[in-house]
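Student: Let me give you the structure first, and then I'll get to my questions.
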Amino acid sequence: LRTAAVIPAAGRGVRLGPGAPKALRALGGTPMLVHAVRAMAASRAVSVVVVVAPPDGATEVRNLLDQYPLSERTDLLVVPGGDTRQESVRRGLDALPEAVDVVLVHDAARPLVPAETVDSVVAAVRDGAPAVVPALPLADTVKQVEPRTGGRTGEPEPVVGTPERALLRAVQTPQGFDRATLVKAHETVALQGDGATDDAGMVEQLGAPVVVVPGHEEAFKVTRPLDLILAEAVLARRRA
Ligand code: CTP
Ligand code: MG
């Protein structure tokens, strides 16, 4: 079975604040996207990496990645992304070579995922699960609320319920899929308002089974400025 990793990297990173597109921001002196590509290539199973670049930035991203060559066993493709993550992933899937039958989808914004996590997701797909998600138990209790749509942020919101924390998992990437299942989900499931933020959720809508395997603390998503500080600290600890 040939395994490919699609890396959606087309987002602007609005929550991180002003600056370059999030995937191109430096982490330990190296673009976040380069860390993410290396994290996928570090798994022996992965033989193709498809990077989905900002819509008008595919050439720039290709030139950037050419400065950080991978080992010869990994092929690298770069394609332009779309307005939503869902659309970007679809464009990555469209670029997959024919021989690929297992697909990982990995956020460029999770640059520090360890190779063991990648390997365990691939192994679960190869063992027959059509969709596999790495995830961790939650530290915080979660409340469901009635959102104040159009309201000012900070306005009190009524609580609707409190799901039992022990039953919840916070999902990460890489999520792993049987290729045909993921392609079908992307062909069938309607484009949601902001686009799906979770590929496994689209497979669930198909009615196909999705399983969770243990995620990793270091697979956290760089979303807000504090996450960059944490990522720098994790890198520094690895290099010590
Ligand atoms: N992504 C993408 N195409 C989009 C939007 C997001 O490829 N149109 C990618 C991002 O580059 C990121 C991953 O999806 O690697 C997860 O998205 P998120 O963390 O939300 O990143 P951004 O959308 O860039 O950040 P923000 O929502 O704060 O703008
Ligand atoms: Mg986003």
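Just so it is clear, none of the values below were taken in a lab; they were calculated from the coordinates. Note that the coordinates shown come from a computational prediction; the quantities given were computed from them, not determined experimentally. Note that each Cβ is placed from the backbone with ideal geometry, even for glycine, and that neighbours are counted across all protein chains shown.
Student: Assuming a ≥ b ≥ c are the square roots of the Cα gyration tensor eigenvalues, decide whether the chain counts as rounded (a/c under 1.5), prolate (otherwise, with a/b larger than b/c) or oblate.
Tutor: Here the chain falls in the rounded category.
Student: Would you work out which of 202, 109, 97 lies farthest towards the positive end of the dipole of the chain, given +1 charges on the beta-carbon of Lys and Arg and -1 on that of Asp and Glu, about the Cα centre?
Tutor: Ranked along the dipole, the leading option is 109.
Student: Could you go through the stretch 112-124 in sequence order and give the Karplus-derived ³J(HN,Hα) for each residue, using 6.51 cos²θ - 1.76 cosθ + 1.60 with θ = phi - 60°, rounded to whole Hz, and x for Gly and Pro?
Tutor: After applying 6.51 cos²θ - 1.76 cosθ + 1.60, I find 10, 4, x, 4, 5, 5, 4, 4, 6, 5, 4, 4, 5 Hz.
Student: Averaged across orientations, what area in nm² does the convex hull of the alpha carbons in the stretch 25-82 project?
Tutor: 4.0
Student: In addition: Does the stretch 170-238 come out rounded, prolate or oblate, given a ≥ b ≥ c as the square roots of the eigenvalues of its C-alpha gyration tensor, rounded meaning a/c under 1.5 and, failing that, prolate meaning a/b above b/c?
Tutor: It comes out prolate by the Cα gyration axes.
Student: Further, regarding this structure: Along the stretch 231-240, what does the Karplus equation 6.51 cos²θ - 1.76 cosθ + 1.60 (θ = phi - 60°) give for ³J(HN,Hα), rounded to whole Hz, x for Gly and Pro?
Tutor: Once rounded to whole Hz, the list reads 4, 4, 5, 5, 4, 4, 5, 5, 7, 6.
Student: Right, here's the next one. Taking GluC sites (Glu not before Pro) as exposed when DSSP calls them loop (any state but H, G, I, E, B) and at most 14 other Cβ atoms lie within 10 Å, what is the longest stretch of the chain free of them, the sites themselves excluded?
Tutor: 165-240
Student: FRET efficiency for residue 76 and residue 166, Cβ-Cβ distance as r, R0 = 45 Å, nearest 0.05?
Tutor: Efficiency computed from Cβ-Cβ geometry: 0.65.
Student: With the dipole of the chain worked out from charges on the C-beta (+1 for Lys and Arg, -1 for Asp and Glu) around the Cα centre, which of 88, 59, 122 lies farthest toward the positive end?
Tutor: 59
Student: Continuing with this model, one more query. Determine, for 7, 229, the number of other Cβ atoms within 10 Å of each Cβ, and report the residues in order from fewest to most.
Tutor: The order, fewest Cβ neighbours first, is 229, 7.
Student: Another question, if that's okay. So what J values fall out for the stretch 103-108 if you push phi through Karplus, 6.51 cos²θ - 1.76 cosθ + 1.60 with θ = phi - 60°, rounded to Hz, Gly and Pro as x?
Tutor: Running phi through 6.51 cos²θ - 1.76 cosθ + 1.60 with θ = phi - 60° gives 10, 9, 10, 10, 4, 4 Hz.
Student: Would you please give the FRET efficiency between residue 143 and residue 44, computed as 1/(1 + (r/R0)^6) with r the Cβ-Cβ distance and R0 = 35 Å, to the nearest 0.05?
Tutor: About 0.25, to the nearest 0.05.
Student: Specify the residue with the greatest mean-square fluctuation among 99, 26, 53, computed from a Gaussian network of the chain linking alpha-carbon atoms under 10 Å apart.
Tutor: Of 99, 26, 53, the Gaussian network model singles out 99 as fluctuating most.
Student: Suppose every K and R has +1 on its Cβ and every D and E has -1 on its Cβ; what is the size of the dipole of the stretch 2-239 about the Cα centre, in Debye to the nearest 20?
Tutor: Result for the stretch 2-239 is approximately 540 debye, rounded to the nearest 20.
Student: Still on this structure: Which of the listed residues, 71, 14, 35, is farthest toward the dipole's positive end in the stretch 11-82, when Lys, Arg count +1 and Asp, Glu count -1 at the beta-carbon?
Tutor: It is 14, whose Cα lies furthest towards the positive end.
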